[in-house]
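The values are calculated or read from the model by the stated rules, or taken from the named source; none is laboratory data. Bear in mind the structure is a predicted one, so any value in this text is a computation, not a measurement. Cβ atoms come from the backbone with ideal geometry, glycine included; neighbour counts cover every protein chain shown.
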Amino acid sequence: MNALDAVRSALDSLRASPLRSALTMLGIVIGVAAVIAMVAVGAGARDQVLRQIASLGTNLVMVGQGSVVRSGVKLGAGTASSLTEDDGIAVLAEIPGVTVTAPSVRWGLQVVAGNQNWGSVLFGVTPDYMDARDWSVVQGRGLSDEDVAQANKVVVLGQTVVRNLFGGGDPVGEQVRVFSTPLTVVGVLGEKGQNTQGQDQDDVILVPLSTAKRNIPGMAKSNPRFVHTMVVKLADGTDQEEAQAQIRDLLRQRHRLIEGQDDDFWMRNLSEVAATRDASSRALSFLLAAVAAVSLLVGGIGIMNIMLVSVTERTREIGLRLAIGARRRDILMQFLIESTTLSLIGAAVGVLAGVGTAMVVAGLAGWPTLIRLDSVVLAVAVSGLVGVFFGLYPARRASRLNPIEALRHE
Amino acid sequence: MGPHRVQALDNVSVEVRRGEFVAVMGPSGSGKSTFMNLLGCLDRPDAGHYRLDGQEVGRLSSDALAAVRNRRIGFVFQSFNLLPRQTAQANVELPMVYAGIPRAARAATALKALAAVGLDSRAHHRPTQLSGGQQQRVAIARALVNDPVLLLADEPTGALDSATSLEILALFQRLNRAGLTIVLVTHEPDVARFAGRVLSFRDGRLVDDRHQVPEEAPGLREAVP
């Protein structure tokens, strides 16, 4: 019996009970569809993160104020709040390759406009910050050096804040209040979407650094020069590791930290963020692979079950085939091909369902999806193997029937 | 071999000549089924010899026996054993599938075999669309399609009414007159009278081997039904 005849005969017998065949395939269909859809969503998300990081540039280093307990060591004046605007000036002046240092303070607060209010995050920044973080201005203007120098009571709003306070209308020239301070809206930021941590980057209000320090209660620290974070931008081609080590040494020196003492600041760059994301997406992939494996296993058991039923039901047919000249391996192949055909048709349907699901997810949830050809090939190949593996036992059983007894079977 | 070993056949020696029409009779448990299974190469003798068409087949491997069954023996069963979802033609083609004959040649040979049993017009019918007699004729066409040296029929009329049984027996007689060797197992003397020789088994022994003038089945000389 040649392979073509065997496949034709397998299709015939699967067609004989279409509902049963369809139900048997369901496990494989779900397993394969899950793999394809999940990989598509995962790959899409990863692709998006990579593009976000690329758009931000990997030559940014974030430095933040640490929360290190000073364990009884008395430090000199000027170190109560560890990170200062002067650190930024020093880094820019002394570390080669640094093109911009943009200090900022941040404060979560309530913004009020007319009878509307919205909880957002205020950043006290300099124009350099807007440049370093790649903020664009779509309406009005951005913050200027003059705003910072004179501590002007002006504010630039993120899109989310505009939407919630002004319902999307033009806010430029309007007044908003934070605590009791009225600020004039001078501009609106372009949309950025979510950052790599999934936070809404458009839910911000930017004010001049000096304005923030002067008008926000709670920012009146003993050191008026303190900042929460600063963005350090490196020139293209700068060795990031090297620059980070130099920044660290400089800051430790400026903060008068002795050997063995922990840093009182933190530092990270976007490639570290990317690595974290990568690790978490690997963990997710592992989880999905486990789900898919379980589903394919269950699908395989379903196939084995139905093939055993089929062998029993068709005992007389097997007896007849043996009597008229089928060899044992013909019978073995017939049932193996049947189980593999079942699993491969299931895989094909699963691929279509998975691609469809990915497209629906992309359309409805707005998530980016990316169909990975390797996931399709892998899912189909594994399904084929599942069909062979779980078909083997029933097929062996069929091929070992005694023709005399099989022909007598009722 | 366990303690309950049963000797189904004991010291049986039979020679069937080419072109004979032999009826095998005996009550159940007489050993006639075992004799039939040996003759059909479905089973191998624990001791003794079986020569089919000059070849010793009693010691062949399972695959070699499958080939012998495929090329040199045709089987007809009481319950027809047609594949229910296949057409008459596909059923008749089945032995040729295992003989490795290409598709186009199979179709032509199957149609010729169906014509020989008078069913060429029903080639595309499924077994459920055929009467019992027609189903048995499809089964006979299937048995003939690889041009066997021996046709083995196990109670071929057991599931048919008497008129249809006579039609089938007439078909057997016509095939036999054309030169086909037939061994037919039955427990009905009414069927055995159409054979030229009757073997009677009892308790695993051959108790009677009788040649006779076969009664001519009605309709034998008519055209193919």
Qualifying residue in the stretch B:147-167 (condition: touching a His at 6+ places or on another chain (Cβ under 9 Å), within 14 Å of another protein chain (Cβ to nearest Cβ) and surrounded by fewer than 20 Cβ atoms within 10 Å (Cβ to Cβ)): yes
Verdict on A:G384 being at pLDDT below 95 and over 23 Å from A:R15 (Cβ atoms): no
Checklist (1) over 30 Å from A:G169 (Cα atoms); (2) at pLDDT 90 or above; (3) not acidic (D, E) applied to A:V154, failing item: (1)
Candidate set: the stretch B:121-153, residues that are in contact with a strand residue (DSSP E or B) (Cβ under 6 Å, 6 or more places away or on another chain) and aliphatic (A, V, I, L, M); chosen: the one nearest to B:N81 (Cα to Cα): B:A139
Lone unmet requirement of (1) closer than 23 Å to B:R210 by Cα; (2) touching a residue at least 12 places away in the same chain (Cβ under 8 Å) for B:N37: (2)
Residue satisfying all of: in the stretch A:315-330; within 7 Å of chain B (Cβ to nearest Cβ) and surrounded by fewer than 19 Cβ atoms within 10 Å (Cβ to Cβ); nearest to B:R142 (Cα to Cα) among these: A:R316
Output for the stretch B:49-73, where each listed residue is within 10 Å of chain A (Cβ to nearest Cβ), surrounded by fewer than 22 Cβ atoms within 10 Å (Cβ to Cβ) and of a type in the set (A, V, I, L, M, F, W, C): B:A64, B:A67, B:V68
Enumeration of residues in the stretch A:153-188 that are out of contact with any Asp or Glu (no Cβ under 8 Å at 6 or more places or on another chain), surrounded by 20 or more Cβ atoms within 10 Å (Cβ to Cβ) and part of a loop (DSSP other than H, G, I, E, B): A:P171
Within the stretch B:37-48, considering residues that are at negative phi and part of a loop (DSSP other than H, G, I, E, B), the one farthest from the other protein chains (Cβ to nearest Cβ): B:A47
Among residues of the stretch B:37-96, those that are among the hydrophobic types (A, V, I, L, M, F, W, C) and over 25 Å from A:A6 (Cα atoms), counted: 6
Selection within the stretch B:87-99 - more than 7 Å from chain A (Cβ to nearest Cβ) and either more than 13 Å from B:A141 (Cβ to Cβ) or among the β-branched types (V, I, T) (or both): B:T87, B:V92
Candidates A:R15, A:R20, filtered to the one that is touching a residue at least 60 places away in the same chain (Cβ under 8 Å) and of a type in the set (D, E, K, R): A:R20
Residue match in the stretch A:73-93 (condition: touching a Ser or Thr at 6+ places or on another chain (Cβ under 6 Å), modelled with pLDDT under 85 and assigned by TED's automatic domain parsing to the domain that holds A:V204): yes
Flag for B:V76 being within 11 Å of another protein chain (Cβ to nearest Cβ), crowded, with 18+ Cβ neighbours inside 10 Å, of a type in the set (V, I, T) and farther than 24 Å from B:L184 by Cα: no
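Matching residues to (1) within 18 Å of A:S295 (Cα to Cα); (2) surrounded by fewer than 19 Cβ atoms within 10 Å (Cβ to Cβ); (3) at pLDDT below 80:
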{"residue": "A:M25", "(1), (2), (3)": "yes, no, no"}
{"residue": "A:G31", "(1), (2), (3)": "yes, no, no"}
{"residue": "A:D47", "(1), (2), (3)": "no, yes, yes"}
{"residue": "A:M62", "(1), (2), (3)": "no, yes, no"}
Pick from the stretch A:389-410, criterion in contact with a Leu (Cβ under 6 Å, 6 or more places away or on another chain) and within 19 Å of A:I306 (Cα to Cα), ranking: nearest to the other protein chains (Cβ to nearest Cβ): A:S399
Residue check for B:N81: within 11 Å of another protein chain (Cβ to nearest Cβ), assigned to a helix (DSSP H, G or I) and under 17 Å from the mean Cα position of the chain (by Cα): no
Tally, over the stretch A:80-90, of residues that are in a helix (DSSP H, G or I) and either more than 33 Å from the chain's Cα centre (by Cα) or acidic (D, E) (or both): 5
Unique residue being within 30 Å of A:R225 (Cβ to Cβ) and either outside the structural domain of A:I30 (by TED's automatic domain parsing) or modelled with pLDDT under 80 (or both) when the list is A:R282, A:R256: A:R256
Lone unmet requirement of (1) part of a loop (DSSP other than H, G, I, E, B); (2) on the phi < 0 side of the Ramachandran plot for A:M230: (1)
Qualifying positions in the stretch A:293-313 - within 14 Å of another protein chain (Cβ to nearest Cβ) and either modelled with pLDDT of 95 or more or buried (at least 20 other Cβ atoms within 10 Å of the Cβ) (or both): A:S310
The stretch B:102-134, residues that are within 14 Å of chain A (Cβ to nearest Cβ) and either surrounded by 18 or more Cβ atoms within 10 Å (Cβ to Cβ) or among the acidic types (D, E) (or both): B:R106, B:A110, B:A113, B:P127
Any hit, the stretch B:53-62, residues being among the polar types (S, T, N, Q) and in contact with a Leu (Cβ under 7 Å, 6 or more places away or on another chain): no
One residue from A:A243, A:A220, A:A274 being surrounded by 17 or more Cβ atoms within 10 Å (Cβ to Cβ) and either modelled with pLDDT under 85 or more than 20 Å from A:D86 (Cα to Cα) (or both): A:A274
Filtered residues of the stretch B:116-146 (kept if touching a residue at least 60 places away in the same chain (Cβ under 8 Å) and more than 20 Å from A:D12 (Cβ to Cβ)): B:A116, B:V117, B:G118, B:Q136, B:I140, B:A143, B:L144, B:N146
